[in-house]
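None of the figures in this text is laboratory data; all of them are computed from the coordinates on show. Bear in mind the structure is a predicted one, so any value in this text is a computation, not a measurement. With ideal geometry, Cβ positions are generated from the backbone for all residues, glycine too; neighbour counts draw on all protein chains shown.
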Amino acid sequence: MTTDPRRITLVARHPGLPSRNWDLSHHAQSRVIFVDAFTTLRFAVDHGMELARDVERVIIDRTGSAMQYLDFLASLPHEFLGEAMFVRADGSAYLSSVGRGGHRVLYALSERDVNFYLDTHNLTHSEIQFEIETPVAARQSA
């Protein structure tokens with residue numbers, strides 16, 4: 001049994017597509033756990049709640065269908081307050097989160113929004129490359 005206190009991000013991903021640059025380090029804010037199949041997500045969410053594990057979000061990354069995503073959302077326990085994101089093959093996504101009244105709200109995200117979401121929650125390593133500027137020699141006056 002693990003004693004890792006971090007909140008959990010469950011990720012179902014397509015095995016044939018390149019993986020994202022997930023932050024799997026022990027210093028990451030969220031503990032990323034991969035599930036083998038879309039169908040195991042329901043069990044993982046239910047089991048996590050039974051064991052008092054804090055599942056913060058579920059990400060379905062370029063696997064399954066929109067219909068399976070809707071079935072998954074409909075089957076979520078009311079106690080699950082985490083987010084559920086379905087990333088489509090083209091990189092766009094739908095994000096479900098709990099709104100003010102306690103009801104789920106669905107947002108459409110562009111590929112850029114998805115990358116922003118993953119970076120903002122520190123789930124992936126940023127792939128921004130910085131150029132190192134060489135200092136310009138200071139002008140000397142006589």
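The GluC sites (Glu not before Pro) of region 30-123 that meet both conditions, a loop assignment by DSSP and at most 13 other Cβ atoms within 10 Å of the site Cβ, are Glu79. By the count of other C-beta atoms within 10 Å, a proxy for reagent exposure, Arg31, Arg7 are ordered fewest to most as Arg7, Arg31. Pair-distance distribution of region 7-120: all C-alpha pairs, bin width 5 Å, starting at 0; shares per bin in whole percent are 2, 11, 23, 26, 23, 12, 3, 0. Loop-located trypsin sites (Lys or Arg not before Pro) in region 65-115 (DSSP state other than H, G, I, E, B) with a sparse environment of at most 10 neighbouring Cβ atoms within 10 Å: Arg100.
Between Asp71 and Phe116, the modelled label-to-label distance comes to 3.3 nm, taking each label 7 Å out from Cα in the direction of the beta carbon.
Amide H contacts under 5 Å for Ile59: Leu10, Val11, Ala12, Met85, restricted to partners 5 or more places along the chain or on a different chain, H placed in the peptide plane at 1.01 Å from N.
Between the beta carbons of Val98 and Gln29, assuming R0 = 22 Å, the FRET efficiency works out to 0.65 to the nearest 0.05.
Our note on the geometry: Cα centres of region 13-44 and region 76-103, 16 Å apart.
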